Amino acid sequence: YRLTLTALEVGYRNFFASVLAGNQKGFAKAIKASGIPRDELYICGTVLSNRANGEQAAYQKSKQGCLENMAAMAAGNIDKLDMIMLDYPGPNEESIRGQWRAFEEMLSKDKTVDDLAVSNFSPSQLDAILANPDAIKPTVNQLPFSLTYHPEGILEYNAKRNILVQSWSPLSRVLPRYGKTLESIGKKYGKSSAQVGLRWIVQNGASFTTQSKSKNHFQEDLDVFDFVLTDDEMTQLTKLAA
């Protein structure tokens, strides 16, 4: 609740309220208390149903998750989400298809969400959805993409399917390992090591999610769009984890 209000104060308007963080109801209450018009916000919820095995079981667990999202969001009078995301893929293609059927119903039948997304999906897991030519395509695949994890082809396999990569936990493993290198590059621009790490993600054509308990860090993470790393700096950073 408090951190959501802080983020809103700093200027954030795009929110990822994960069921894994257990923060959805408090987040929704903070949105209501803020008085910021709903149409100025982009809100994404998540569903955890990866342990359900089989099409019908995965469908039912995912459907339950969709309903639980809306029940939590109702605490802030939020009756529609901009996006819903699967936290993890099911154990096999059949289960993934069941997960996705529930999501498609949330969009086309229940009309309580506008966009569908996935997280931690490999190419073959994406294709379990896309093999159906009538399937609603995911718009985002959230992955641990960062300076410490960028295997060859990770951006390309998503772009080929017209899916945007969004980085989760973009700095937690980066700063302890490469903080000094990032800091030295950042001095040139008057930027912190964290800002350089996030800028590398942006210049690779991906987006990122961020979380903090510090108002200053929230502000820092927004201020990464007023400088550009050189090609040599991008190459230097990319090679760190090679």
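What the table shows:
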read-out: Verdict on ALA17 being closer than 20 Å to SER167 by Cα, of a type in the set (A, V, I, L, M, F, W, C) and out of contact with any His (no Cβ under 8 Å at 6 or more places or on another chain); value: yes
read-out: Residue list for the range 69-86, restricted to those being open to solvent by less than 20 Å² (accessible area, probe 1.4 Å) and not in a strand (DSSP E or B); value: ASN69, ALA72, MET73, GLY76, ILE78
read-out: Residue within the range 128-137 that is within 21 Å of ALA21 (Cβ to Cβ) and among the aliphatic types (A, V, I, L, M) present; value: no
read-out: Positions within the range 87-142 being open to solvent by 60 Å² or more (accessible area, probe 1.4 Å), of a type in the set (D, E, K, R) and in a loop (DSSP other than H, G, I, E, B), in sequence order; value: LYS109, ASP110, LYS111, ASP134, LYS137
read-out: Set PHE103, PHE145, PHE121: member being under 30 Å from ILE201 (Cα atoms), touching a residue at least 60 places away in the same chain (Cβ under 8 Å) and in contact with a strand residue (DSSP E or B) (Cβ under 7 Å, 6 or more places away or on another chain); value: PHE145
read-out: Condition check for GLN166: touching a strand residue (DSSP E or B) at 6+ places or on another chain (Cβ under 7 Å) and either closer than 30 Å to GLU9 by Cα or loosely packed, with under 13 Cβ neighbours inside 10 Å (or both); value: yes
read-out: Count of the range 27-54 residues which are surrounded by fewer than 17 Cβ atoms within 10 Å (Cβ to Cβ), within 16 Å of ASN14 (Cβ to Cβ) and of a type outside the set (Asp, Glu); value: 6
read-out: Selection count where residues are open to solvent by 60 Å² or more (accessible area, probe 1.4 Å) and part of a loop (DSSP other than H, G, I, E, B), scope the range 197-222; value: 2
read-out: Residue count for the range 1-26, restricted to those that are closer than 18 Å to THR112 by Cα and open to solvent by less than 70 Å² (accessible area, probe 1.4 Å); value: 6
read-out: In the range 223-240, residue farthest from SER119 (Cα to Cα) [restricted to those that are open to solvent by less than 10 Å² (accessible area, probe 1.4 Å) and outside any helix (DSSP H, G or I)]; value: LEU229
read-out: Where a residue in the range 10-25 is under 19 Å from TYR88 (Cα atoms) and its partner, wherever it lies, is surrounded by fewer than 17 Cβ atoms within 10 Å (Cβ to Cβ) and β-branched (Val, Ile, Thr), with Cβ under 7 Å and at least six apart; value: PHE16/THR209
read-out: Members of the range 66-91 found to be touching a helix residue (DSSP H, G or I) at 6+ places or on another chain (Cβ under 8 Å) and closer than 23 Å to PRO144 by Cα, listed by number; value: ILE84, LEU86, ASP87, PRO89, GLY90
read-out: Subset of the range 148-160 [open to solvent by 20 Å² or more (accessible area, probe 1.4 Å) and free of Cβ contacts under 8 Å to residues at least 40 places away in the same chain]; value: PRO151, GLU152, GLY153, GLU156, TYR157, LYS160
read-out: Positions within the range 1-46 being of a type in the set (S, T, N, Q), closer than 26 Å to ASP223 by Cβ, in a helix (DSSP H, G or I) and touching a strand residue (DSSP E or B) at 6+ places or on another chain (Cβ under 8 Å), in sequence order; value: THR4
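The values are calculated or read from the model by the stated rules, or taken from the named source; none is laboratory data. Because the structure is a prediction, the values reported are computed rather than measured. Cβ atoms come from the backbone with ideal geometry, glycine included; neighbour counts cover every protein chain shown. For accessibility, only protein heavy atoms count, side chains too; no ligands or nucleic acids. Shrake-Rupley method; radii C 1.70, N 1.55, O 1.52, S 1.80 Å.
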